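Quick notes on the structure that follows.
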Amino acid sequence: MLGLTTWFTIGTLGMLVGTAMLAYGLTLVPTERRRQLGLAAVVPAIAAVAYGLMALGFGGLTTADGATVFVPRYVDWLLTTPIHVAIIALVVGASTGLIARLATLQALTIVFGFVGATLGSPLNWALYLVGSACFAGVVYLLFTDCEALAGDSADDVASLFRKLRSFVVVLWLIYPVIWLLAPPGVGAMDTETTALVVTYIDVVAKVGFGLIVINDFASMAAASDDVADVDASIGDGPNAAD
């Protein structure tokens, strides 16, 4: 348990530092974007609470097969992963209906993964497959409906959307592999190793996502200001019309 406490403590600190960095980054983006991008800073804050609880020894659940599943981790994912897909969709101006479909499918992915992790074979595998199908639905919508919206967006907005989509899809595909190798799956990794790997991926995914989206919007705002300054200087130049 000492190892678990260590990894969960590191996760808590990583998420707290990430939250502080993203909160500062929000001051660099346009005011009208801060409410939307504030969600990106909320994600590691939620995770910090979950990791703090696990570091203190709360939330461990013994499954039917004798493995340990950490409830705060799944609550964290249930709250934060739909926020991430919602932010990605909002970047390209997705409708409320499309965002709801994405968030619902992503939430179901987590729910089925959690319930499957608490049950024995073969129910765990059946729910794992259902959860995987839900995640496939998320990926499908990101590459179809959302991609169509990106095609109609400005180049910098479309580029940010595709960057965030690739970042999330590639990293999140690691989680089903971890589930397979962890005690709820085939048990190739023990609980401590699973905690180490998941903690590392969690910090990278949550903090990294926020840094990308906030940095890109800050860069867009700076570029827009530069263009406005150039236009103003041209307008005030000696050849400007009276």
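The values are calculated or read from the model by the stated rules, or taken from the named source; none is laboratory data. Bear in mind that the values here come from a model prediction, so they are computed numbers and not experimental data. Quick reminder, even Gly has a Cβ in these numbers, built from the backbone with ideal geometry, and neighbours come from all protein chains shown. Surface accessibility is based on the protein's heavy atoms, side chains included, excluding ligands, DNA and RNA. Shrake-Rupley method; radii C 1.70, N 1.55, O 1.52, S 1.80 Å.
Of note:
- The residue list Ala228, Ala182 contains one member that is of a type in the set (Gly, Ala, Ser), modelled with pLDDT under 90 and closer than 21 Å to Pro72 by Cβ, which is Ala182.
- Some residue of the range 147-157 being under 16 Å from the mean Cα position of the chain (by Cα), outside any loop (DSSP other than H, G, I, E, B), of a type outside the set (Phe, Trp, Tyr) and surrounded by 16 or more Cβ atoms within 10 Å (Cβ to Cβ): no
- Pairs meeting the criteria (first residue in the range 132-158 and more than 15 Å from His84 (Cβ to Cβ), second residue part of a helix (DSSP H, G or I) and of a type in the set (Phe, Trp, Tyr), beta carbons under 6 Å, at least 6 apart or on different chains) are Ala150/Phe161.
- Pairs are defined by a Cβ separation below 9 Å, a sequence spacing of at least 6 or placement on different chains, a first member in the range 34-60 that is of a type in the set (D, E, K, R), and a second member that is surrounded by fewer than 21 Cβ atoms within 10 Å (Cβ to Cβ); the pairs so defined are Arg34/Leu26; Arg34/Thr27.
- Considering residues of the range 62-75 that are at pLDDT 90 or above and closer than 21 Å to Met189 by Cβ only, the residue most open to solvent (accessible area, probe 1.4 Å): Val71
- Any chance Val115 is in contact (Cβ under 8 Å) with a residue 60 or more places away in the chain and not aromatic (Phe, Trp, Tyr): no
- Only one of the numbered conditions (1) touching a Lys or Arg at 6+ places or on another chain (Cβ under 8 Å); (2) open to solvent by 40 Å² or more (accessible area, probe 1.4 Å) is violated by Leu141, and that is (2).
- Screening the candidates Gly97, Gly93, Gly25 for the property of being of a type in the set (Gly, Ala, Ser), open to solvent by less than 20 Å² (accessible area, probe 1.4 Å) and more than 22 Å from Tyr128 (Cα to Cα) yields one hit, Gly25.
- Members of the range 175-191 that are exposed (fewer than 15 other Cβ atoms within 10 Å of the Cβ) and part of a helix (DSSP H, G or I): Val177
- Filter pass, Val197 being within 27 Å of Val43 (Cα to Cα), open to solvent by less than 60 Å² (accessible area, probe 1.4 Å), assigned to a helix (DSSP H, G or I) and modelled with pLDDT of 75 or more: yes
This table checks each residue for (1) part of a loop (DSSP other than H, G, I, E, B); (2) open to solvent by 80 Å² or more (accessible area, probe 1.4 Å); (3) aliphatic (A, V, I, L, M); (4) touching a strand residue (DSSP E or B) at 6+ places or on another chain (Cβ under 7 Å).
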| residue | (1), (2), (3), (4) |
| --- | --- |
| Gly3 | no, no, no, no |
| Ile10 | no, yes, yes, no |
| Leu13 | no, yes, yes, no |
| Ala20 | no, no, yes, no |
| Val29 | yes, no, yes, no |
| Arg34 | no, yes, no, no |
